[in-house]
Amino acid sequence: MATLTPTLSLVCTDATSDELNFSVTDTLNIAQKVIAPSKVKLSTGDLTLFASSAYSRSYVYLKNMDDTIAMDVDFGSTASFNIAAGEFAFFPWHASQNIVVTADSGTPYLEYAIFEA
Amino acid sequence: MATTTATVSISSSDLMPGSPLNISASSTLMKTGITTGMELMEMGNHSIATGTEFALSLAKGDVNGAHWLYIANTSTDSTYYIEWGYHDTMIGPLYSGDWMFVPWNNAVADDSEIEVEAKIGTNTFEYAIFKGGSWTLATAGA
């Protein structure tokens, strides 16, 4: 079993009079499959990035590598979010739905990693 | 406009023998588009008992707004966990100490509500929402 340490920091000095500056970290036990940071070229067609049948509870990292093009991240067919250019996401996933990714346009690159608990 | 910077690092010394893992990514949170920083935020914490839900909903009409959501389970019992999801589609568990950070866009109706449900134990969690332009919290509660 390996240990994964994810840390998030959020900093904002000019939105409110009380400056935002906090950091949260975690210690995760990873016992199964890992895909280390990898990169894939998307298109406007659906790409099943992670099939639910291949994973159990996992932690997912995604980063849009493009400077201008956003991309959709869908969970099955009913829920999604959109990652704008240069932005990232990190979240737990219990593998009940496929994770499907699609470029809003063009062929941007997506960086991804998954860590199965 | 405000400048809010989110940075994630993911590291491990023993995940892959001989090759320590060090992922780092940083992003300035922007409104829809990529030139204007977010100005609004809301932070809070809540406690919910097993089987109950807490919902965060965007007002209808805020289609494709660019928002960000941070949730952390601050419970101290390692057996406790909550699940997060969109409307009735639950996505994943957050055990004590776990956190998540995702964009939040309501391109379709189901995406406009993010739910947190306590699966085991009375969980406490904290959240922060970083808001794009015309944002209205339609619902915050069980």
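When every Cα-Cα distance of segment A:30-116 is counted in 10 angstrom steps from zero, the calculated P(r) takes the values 19, 55, 25, 2 percent. What the Cα convex hull of the protein assembly as shown gives, in volume per residue, is 118 Å³. Inter-chain neighbour count for B:41-47: the average number of beta-carbon atoms from partner chains within 10 Å of each residue's beta-carbon is 1. Summing +1 for each Lys or Arg and -1 for each Asp or Glu among the other residues whose beta-carbon sits under 15 angstrom from that of B:GLU83 gives -4.
Coordinate-derived values only; no laboratory data. Fair warning: this is a prediction, and the values are worked out from it, not measured in the lab. Neighbour counts run over all protein chains shown; Cβ positions are idealised from the backbone, glycine included.
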